[in-house]
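Participant: The structure under discussion is supplied below as structure tokens; questions concerning it will follow.
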Amino acid sequence: MEDPESEGAAPPPGLSSLLPPREFLRSRKGQLLLAESVLSFIIFICYIASLAASFMMAPLLEFLLALFLFFAYASKLNEKFKGVHWPLADFLRCVTAAIIYFAISIAAVSKYSDGASKAAGVFGFAATIVFAVDFYITFNDLVTFLKQGSSDSPEGRKAEDEDSDSDSD
């Protein structure tokens, strides 16, 4: 009897089908989203264990949004749903997350004296840097995305047609 794995058969579906592809995990976007998810979860846990529990909602929402986008990009939902402007949504998420993490990290470090609040603040500053790097990279992608969209718009075509008409005169 031959081993089914030696025949090159696909592994049986199970939990491994929920894992993102290795190519995505090795990509810059995959690593940033994974880092954002992990940092947001750690910050959420720190705020739960601290006196600054009132700040726990922001990391929870950012964790869920980063996790959703991680699996959306990994399963290529951004290619299937063209009606959503994925780069713009991702850019807005990163900008707001960086600002919110910076603000609550300053408040947690300066106002509360327990160790969990200080740890949440330090991880929050690290998350601010990760989200800032992500929104810088996403901004460059967004500019490219918008330039492609403006050349496809009717106004862009009118301007090109007028330029070609004036050249022919």
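Participant: Being touching a helix residue (DSSP H, G or I) at 6+ places or on another chain (Cβ under 8 Å) and free of Cβ contacts under 8 Å to residues at least 24 places away in the same chain is the filter here; which residues of the stretch 96-106 pass it?
Facilitator: Once the filter is applied, which keeps residues that are touching a helix residue (DSSP H, G or I) at 6+ places or on another chain (Cβ under 8 Å) and free of Cβ contacts under 8 Å to residues at least 24 places away in the same chain, the stretch 96-106 yields S105, I106.
Participant: Would you mind telling me which numbered condition in (1) modelled with pLDDT of 80 or more; (2) basic (K, R); (3) open to solvent by 70 Å² or more (accessible area, probe 1.4 Å) R157 fails?
Facilitator: (1)
Condition check ((1) of a type in the set (A, V, I, L, M, F, W, C); (2) outside any helix (DSSP H, G or I)) across all residues:
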site: L69; (1), (2): yes, no
site: Y73; (1), (2): no, no
site: E79; (1), (2): no, no
site: V84; (1), (2): yes, yes
site: P87; (1), (2): no, no
site: L92; (1), (2): yes, no
site: T96; (1), (2): no, no
site: S105; (1), (2): no, no
site: A120; (1), (2): yes, no
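Participant: Which pairs do you get when a residue that is loosely packed, with under 15 Cβ neighbours inside 10 Å, found in the stretch 138-150, comes within reach of a residue that is of a type in the set (G, A, S), reach meaning Cβ atoms under 7 angstrom, with the pair 6+ apart or on two chains?
Facilitator: S150/G156
Participant: Could you give every pair whose Cβ atoms fall below 6 Å, whose first residue belongs to the stretch 53-75 and is farther than 17 Å from F125 by Cα, and whose second residue is at pLDDT below 90, counting only separations of at least 6 or pairs across chains?
Facilitator: Once the first residue is farther than 17 Å from F125 by Cα and sits in the stretch 53-75, its partners that are at pLDDT below 90 give A74/P20; A74/F24.
Participant: Out of V84, V109, V133, V122, report the one residue that is farther than 16 Å from F63 by Cα, open to solvent by 40 Å² or more (accessible area, probe 1.4 Å), of a type in the set (A, V, I, L, M, F, W, C) and touching a residue at least 60 places away in the same chain (Cβ under 8 Å).
Facilitator: Going through V84, V109, V133, V122 in turn, just one is farther than 16 Å from F63 by Cα, open to solvent by 40 Å² or more (accessible area, probe 1.4 Å), of a type in the set (A, V, I, L, M, F, W, C) and touching a residue at least 60 places away in the same chain (Cβ under 8 Å): V133.
Participant: Just to be sure, is T144 at pLDDT 95 or above and among the hydroxyl-bearing types (S, T, Y)?
Facilitator: no
The values are calculated or read from the model by the stated rules, or taken from the named source; none is laboratory data. Keep in mind it's a predicted model, so treat the numbers as computed, not measured. All Cβ positions, glycine included, derive from the backbone under ideal geometry; neighbour counts span all protein chains shown. Only protein heavy atoms, including side chains, enter the accessible area calculation; ligands, DNA and RNA are left aside. Shrake-Rupley method; radii C 1.70, N 1.55, O 1.52, S 1.80 Å.
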